[in-house]
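Taking it in order: structure first as structure tokens, then the write-up.
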Amino acid sequence: MKNLRFIVPLLLLLCLAAPGVPAKEAAPIAADPVLEARAMAIAAELRCLVCQNQTIADSSSGLADDLRREVREQLRRGASNEQVVTYMTDRYGDFVRYRPPFKPSTVLLWAGPALLLVGGLTALGLVLRRRARLSPDQFEADEAEEADAVGAGGAADVTDPARERTVANPNIAKDRDS
């Protein structure tokens, strides 16, 4: 225990005396602000392939850094914005685009949410129509209705042993309620 009195302050002193960890240096940007603005506009349109729903402009992954660097290099070589996006799409597929083009291979991607909504609403309509055609005795009784039937001395479908005693002897229910 005596050793702890000396060890704890010594560890605290070492922690305070230790030099801070240097921060990571910011990634260099293009010297030309117009070129950098174009690169960031393109990067905002391209999806990071390893991140969940992030553009390469927003992502801090290594792959996103590489893709941003590639976009800058393409622009420095004189490629247009469309040529850079086409290069990335040819290399990584339509998935790399945040807004993929509407074409036969992506039609399900564009129409999928609407089809799911229509399917869900159709299923809901069918279930509600089928339930509306059922007679009331085909539904399970509510707990409030069962309690009323028990309180009125009527026979109820009781599966709980405590409730069976109440149905058999209505005086128990009166004693319990008061």
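What follows is calculated from the coordinates using simple rules that are stated; it is not laboratory data. None of the values given here were measured: they were computed from a predicted structure. Methodologically, a virtual Cβ is constructed for each residue, glycine included, from the backbone with ideal geometry; neighbour enumeration extends over all protein chains shown.
Below are the figures for this structure:
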item	result
Per-residue ³J(HN,Hα) for the stretch 46-60, Karplus 6.51 cos²θ - 1.76 cosθ + 1.60, θ = phi - 60°, Hz, x for Gly and Pro	10, 7, 6, 7, 10, 9, 8, 6, 10, 7, 6, 6, 8, 7, 10
Magnitude of the charge dipole, the stretch 49-110, Cβ model with Lys/Arg +1 and Asp/Glu -1, debye to 20	140
Residues Ile42, Ile7, Ile56, sorted so that the one with the fewest Cβ neighbours within 10 Å comes first	Ile7, Ile42, Ile56
Sorted by Cβ density within 10 Å, fewest first, the residues Leu10, Leu35	Leu10, Leu35
Gap separating the Cα centres of the stretch 62-119 and the stretch 35-53, nearest whole Å	10
Relative exposure of Met40, Met88, judged by other C-beta atoms within 10 Å (fewest first)	Met40, Met88
